[in-house]
Amino acid sequence: MDQVAAPVLVDQATHTITLTINKIPYELKIQPWVTLLDAIREYVQLTGTKKGCDQGQCGACTVLVNGKRINSCLTLAVMKDGADITTIEGVAEDGILHPLQQAFIDHDAFQCGYCTPGQICSAIGLLNEGKARTKEDIQELMSGNLCRCGAYTNIVAAVQQVKDKL
Amino acid sequence: MNNFTYSQATGIDNAVNEITGHEKSMFIAGGTNLIDLMKENVLHPDHLIDINGLHLTSIEFLDDGRLFLGALVTNADTAWHPEVEKKYPLLAEAILAGASPQLRNMATNGGNLMQRTRCYYFYDTSTPCNKRTPGSGCSAINGYNRIHAILGTSQHCIAVHPSDMCVALRAINAVVQVKGKAGERLIPIEHFHRLPAYTPQIDNNLAHDELITGIILPREHFNTHYKYLKVRDRASYAFALVSVAVVLRLKEGVIDEIRIALGGVAHKPWRDEGVENWLKDKPATDENFAEAADMILQEAKTFGANDFKPALAKRAIVRACREALNREI
């Protein structure tokens, strides 16, 4: 009987990269067309980061790359080799919620919760940027995150609460 | 998205060599528009050359006082750069009017110049589009064309260039620095983008083997009277229906120099230098701005769903000029 070759799983197009996600390095063998979002969800199994539109329009996939908020659906994982990534699973420390997580609870800043991981990562990026002064600034600088439940008023209040305590 | 291979350029010459002769290869920087278009099956490169490792990430003054913006500096870092905020606030204002904070953290200056139209039919591969598939026809001319062009259109394409940043660059008279197989060249912004004419598939005058290395801003600052006014369907995170970039300088109570660039109305940022010259030495009044706006829009041609645009553009021009004039520093 002829021997049948096993399917080649690692082909020429596959790259080996390292993503440090929430302080843990992951070595991934990955094809170039895998987005950072799919790498995080499907390869590393961190499903807190959500796929909403997959087109950079809704912000549900927002993560922090080297401290800056980006849409993980519009970048390729291979382009982020060596990057330091924070997802919603990594924002709490030592079992204590991130102040923004607590503020979202305090202000009931969600209904279905699907956009919340992206909202919180985006808000962390906003605070890192340090450009928001007023409520209107927060509204403008959170405009990359859609909430179909319409929890915007409470989201802005939650972000403002944390900003004011900085 | 189709399968493709991927490599990282090690230098500018290496990037140019890699792409030369490979018509289906493309450069990738921020990727915010390219990856979107690949997911939509509008673009299908067989190889991507990642240029993010190139040293084009600085903003610095040249010896002659002009400001060089590296092609790979992100839109966010450009808008919030102290020298841009101070000396080219129109550019900062325009960049911050575009996209979302997440996208501005990814999108680069070079990529902003290269972004494609958001014409719905260009994105919809089930419809004819001369820009996507030359010769197939234009679905927008007799279709839904609310966002489409009113100036410089052709019977083959009425798409608009979607950038805010480029409208400001047009008012500032920026220069695009590129490097190709034949060496380096400088392309004034007015000659970078094209009108659709018979070849709407060609957005700009960059050759396939050329790489944008930076944008050079002239020494003139215009940081007193300036305004970027963007009119859109929602207050934030939407493309312009009409946008206006204005810079002006007064001398003894009259206009010494004014520049008015429009976005959302044409296949490239639109300026009418003849009208700007007409305004020179005239008082900076609403009446004069309105007459200038009428002249700029004189040749406007509308297509049904965008019939509102000439009136909107005229009012936006007057308001932007007035706000530039009255800006409190």
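Every number in this text was worked out from the coordinates using simple rules, so none of it is lab data. Just so it is clear, the model here is predicted, and its values are computed rather than measured. So basically every Cβ, Gly included, is an ideal-geometry build from the backbone, and we count neighbours across all protein chains shown.
Results, tabulated for the structure shown:
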read-out: Charge dipole magnitude, Cβ of K and R +1, D and E -1 - region B:225-325, Cα centre, debye nearest 20; value: 480
read-out: Paired Rg and Dmax values of region B:225-325, which use every Cα atom, in angstrom; value: 13.3, 44
read-out: Semi-axes of the equivalent ellipsoid for region A:50-94, Cα gyration tensor, largest first, Å; value: 18, 15, 8
read-out: For region B:85-167: span of alpha carbons on each principal axis (Å, largest first); value: 46, 25, 20
read-out: Euclidean distance between Cα centres, region B:251-329 to region B:182-219, Å; value: 25
read-out: Fewest-first sequence of B:Lys280, B:Lys39, A:Lys23, B:Lys227 by Cβ atoms within 10 Å of each Cβ; value: A:Lys23, B:Lys280, B:Lys39, B:Lys227
read-out: Order of B:Tyr228, B:Tyr6, B:Tyr121 - criterion: other Cβ atoms within 10 Å of each residue's Cβ, fewest first; value: B:Tyr6, B:Tyr121, B:Tyr228
read-out: Prolate/oblate/rounded call for region A:99-165, Cα gyration tensor, a/c under 1.5 rounded; value: prolate
read-out: Three-way shape label, chain B, alpha-carbon gyration tensor, a/c 1.5; value: oblate
read-out: Amide H contacts under 5 Å for A:Thr35, placed H, 5+ residues apart; value: A:Ala77
read-out: Positive minus negative residues near B:Val84 (Lys, Arg vs Asp, Glu; Cβ under 12 Å); value: -3
read-out: In sequence order, calculated HN-Hα J values of region B:60-71 (Karplus, 6.51, -1.76, 1.60; Hz; x Gly/Pro); value: 8, 6, 7, 4, 8, x, 6, 9, 9, 9, x, 4
read-out: Kirkwood-based shape ratio for region A:15-90, expressed as Rg/Rh from alpha carbons; value: 0.91
read-out: Around B:Ser154: net Lys/Arg minus Asp/Glu count, Cβ-Cβ under 14 Å; value: +2
read-out: Which of A:His98, B:His55, B:His267 has the fewest Cβ neighbours within 10 Å, and the rest in rising order; value: B:His55, A:His98, B:His267
read-out: Size descriptor, Kirkwood hydrodynamic radius, that averages inverse alpha-carbon separations across region B:7-95, Å; value: 14.9
read-out: Gyration tensor (Cα) of the protein assembly as shown, equivalent ellipsoid semi-axes in angstrom; value: 38, 29, 22
read-out: Cross-link pairs beyond the 18 Å C-alpha cut-off, checked among B:Lys227/B:Lys314; B:Lys86/B:Lys268; B:Lys227/B:Lys309; A:Lys23/A:Lys80; value: B:Lys86/B:Lys268; B:Lys227/B:Lys309
read-out: Chain B: most fluctuating residue of B:Asn288, B:Asn130, B:Asn109 per GNM, C-alpha cutoff 10 Å; value: B:Asn288
read-out: Packing-based ranking, highest mean first, of B:155-165, B:60-70 given that Cβ atoms within 10 Å are counted; value: B:155-165, B:60-70
read-out: Other protein chain Cβ atoms within 10 Å, averaged over every residue that makes up B:99-112; value: 6
read-out: Cα gyration tensor category, rounded, prolate or oblate, for chain A with a/c compared to 1.5; value: prolate
read-out: For region B:84-97, 3J(HN,Hα) per residue [Karplus equation, 6.51 cos²θ - 1.76 cosθ + 1.60, θ = phi - 60°, Hz, x = Gly/Pro]; value: 5, 4, 7, 9, 10, x, 4, 5, 4, 4, 5, 4, 6, 7
read-out: Within the protein assembly as shown, percent of DSSP bridges classed antiparallel, to nearest 5; value: 85
